[in-house]
Amino acid sequence: MHLTWLSLLPPLVVIGAVCITHQLNLSLMMGIFCASLITSQGQLLPALIMCGQKFMNHITDIDNIYLYCLLIVISSLITLLTVTGSAAGCARIIGRKIRTKRSVEISTVMLSFLLSIDDYLSILTVGFVMKPIADRLAVTRTKLAYIMRALAGPLVIIMPISTWAAAVLAQLDNAGIHLSAPNKIIADPFYVYLNTIPFTFYSILVVFSVWFVVVTRIRYGAIARDERAAVAIFDELDDEFITENNHSLIELLMPIIILIGGVFFGILYAGKYYLFGGNNSFFEAFRENDKTFLILFLSGLTALSASVILSLYKKMISCVQMPAIVWAGARLMQSSIIMVMCASILGSFLRLNLYTGDYVASLLFGTTPLYLIPVLLFVASLAITLATGSAWGTFSILIPIATQMLVSFLHLEVPVALDQMPILFPALGAVLSGAACGNHISPFAETTVMTATSAGIAPLDHARTQLGYVLPVIIATSFAFVVVGLMIGYGLWRSFLVSIGVGIGVNVLLLMVANRLYR
């Protein structure tokens, strides 16, 4: 298929339908049908057949099966802890130490850092742990969702030992960055990734922004209005919350520790870490792991099994209750699973059939000064991820385009050494930043749906309320990438320090102005 404006139509249909119907699942289905009609050139029967094929390919993919099983397992664990009273009881115990809204939000930030090995793990676990405590102290769920989501993908993308790092390294290798000849750029992909992390400005600035908002108590927009309403809910829930129980923190901490430990050691084992009989170093094991979804599922299943055994031992449930608990967990995740499935199928159409990302890239790239390349890559990556809902799909599109484009811009002969193109790190950082940002704010990204479900709010409410806090970060990130393009000739670290300083300054200024105007 030739690159045309029609490739932008399905995501526009989804956005328009969401605004009119306020039903995300229906809007995604409309986008899928629109994409299939464009692909089949308006023929109805081939379009329907194509939709069926995409659906079958999706539900028979083993990683997708593990993902949906993980969602049901985690939801069943949440249901179990709710039915037994463990969640409320443990939240009450923790709540004795956490007595202010600020301490709830800081605890959410710290737990998100602890779980930054994977964004799914972070979102599902943080929501499960912090939601009852947030309700107890009248912290609005929209703000809880904003903190959780802002520290999930953006943090994971700059963690060298994370599930996203493996995807980035694979795309760097596909783009021709390798130590062995013949390759376009002679360098170790992991070394390039480590040097790119400081220039992933969006991730750094959004983490700073969340911390600044929490510590300084900045409030404005829809979240501030929700916070004012949440005060009345606190008074109503207070008497109900304070009940006598014999629960202990082990009921909450044990499944979390098993989850984190299972993911951590599972990735090392699957990546053939030398202590587990393989030949790889610590970082190589994370890079070589290709069974992330299986590991997440098995870790979640082990955590659920341990909680069931503990609950049976303490006689909080009986064996005959377990099928009903699992069924309730599946029902709880039913809408989210449908949303994730539809978003993935639509993303597959946009990436593999309509080439939406390539079309957006072709619009944004033309004859332009070299110093504007980073900010253009950031905008392009953001637009592509918003259109497709897939950060990993954006990596696969833009990382090869960015590397090849820079080689052409600088008129270099391949193979190229890293010291010949210092702007490579800011350019790759811009691609990663745009992907993290687009995934963060996309209303139909999988993680947006998961965050909303985990926090107990509607996905569209989450997407709408967090946008006012994310826009200052997007503007600040754009300024930082313009500055780094201008400063790159003065050395990498000097350009980084000046650029991140400008970004932080712009972000703080915009947040304080928004806060003052709201007050």
Search the range 188-204 for residues that are under 16 Å from Gly503 (Cα atoms) and pair each with any residue that is modelled with pLDDT under 85 when their beta-carbon atoms are under 8 Å apart and the residues are at least 6 apart or on different chains. Ile197/Pro160
Close pairs (8 angstrom Cβ cut-off, 6 or more residues apart or separate chains): farther than 22 Å from Thr403 by Cα in the range 424-448, assigned to a helix (DSSP H, G or I) and of a type in the set (D, E, K, R) anywhere: His440/Arg149; Thr447/Asp119; Thr447/Arg149; Thr448/Arg149
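Can you tell me which residue within the range 478-502, out of those that are touching a Ser or Thr at 6+ places or on another chain (Cβ under 6 Å) and touching a residue at least 60 places away in the same chain (Cβ under 8 Å), is nearest to Thr79 (Cα to Cα)?
If we take residues in the range 478-502 being touching a Ser or Thr at 6+ places or on another chain (Cβ under 6 Å) and touching a residue at least 60 places away in the same chain (Cβ under 8 Å), then Ala480 is nearest to Thr79 (Cα to Cα).
Which residue, of Gly42, Gly16, is outside any helix (DSSP H, G or I) and at pLDDT below 85? Even if it seems obvious, please write down each step before you answer.
Numbers: Gly16 fails: outside any helix (DSSP H, G or I).
Step by step, each of Gly42, Gly16 is checked, and only Gly42 is outside any helix (DSSP H, G or I) and at pLDDT below 85.
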Among (1) assigned to a helix (DSSP H, G or I); (2) at pLDDT below 85; (3) within 27 Å of Pro374 (Cα to Cα), the one test that Arg149 misses: (2)
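Quick one: is Tyr202 among the aromatic types (Phe, Trp, Tyr), touching a Pro at 6+ places or on another chain (Cβ under 7 Å), in a helix (DSSP H, G or I) and modelled with pLDDT of 70 or more?
Values: among the aromatic types (Phe, Trp, Tyr): yes; touching a Pro at 6+ places or on another chain (Cβ under 7 Å): yes; in a helix (DSSP H, G or I): yes; modelled with pLDDT of 70 or more: yes.
Answer is yes for this residue.
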Could you look through the range 393-415, keep only residues that are surrounded by fewer than 17 Cβ atoms within 10 Å (Cβ to Cβ) and of a type in the set (A, V, I, L, M, F, W, C), and pick out the one that is nearest to the chain's Cα centre (by Cα)? Phe409
When residues of the range 43-69 are limited to those that are closer than 18 Å to Leu346 by Cβ and among the aliphatic types (A, V, I, L, M), the one surrounded by the fewest Cβ atoms within 10 Å (Cβ to Cβ): Met56
Taking the condition in a helix (DSSP H, G or I) and not hydroxyl-bearing (Ser, Thr, Tyr), does Leu460 pass? yes
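Of the residues Ala436, Ala476, Ala480, Ala458, which single one is small (Gly, Ala, Ser), touching a helix residue (DSSP H, G or I) at 6+ places or on another chain (Cβ under 7 Å) and at pLDDT below 90?
Working: Ala436 fails: at pLDDT below 90; Ala476 fails: at pLDDT below 90; Ala480 fails: at pLDDT below 90.
Every option except Ala458 fails the conditions.
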Could you look through the range 317-343, keep only residues that are farther than 20 Å from Thr125 by Cα, modelled with pLDDT of 85 or more and aliphatic (A, V, I, L, M), and pick out the one that is surrounded by the fewest Cβ atoms within 10 Å (Cβ to Cβ)? Val320
Given (1) more than 22 Å from the chain's Cα centre (by Cα); (2) surrounded by fewer than 24 Cβ atoms within 10 Å (Cβ to Cβ), where does Leu386 come up short, assuming only one miss? (1)
Members of the range 75-118 that are under 25 Å from Asn289 (Cβ atoms), of a type outside the set (Ser, Thr, Tyr), buried (at least 24 other Cβ atoms within 10 Å of the Cβ) and at pLDDT 80 or above: Leu77
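The values are calculated or read from the model by the stated rules, or taken from the named source; none is laboratory data. Predicted, not measured: the structure shown is a model, and the values here were computed from it. Don't worry about glycine lacking a Cβ; one is built from the backbone with ideal geometry, like all the others, and counts go over all protein chains shown.
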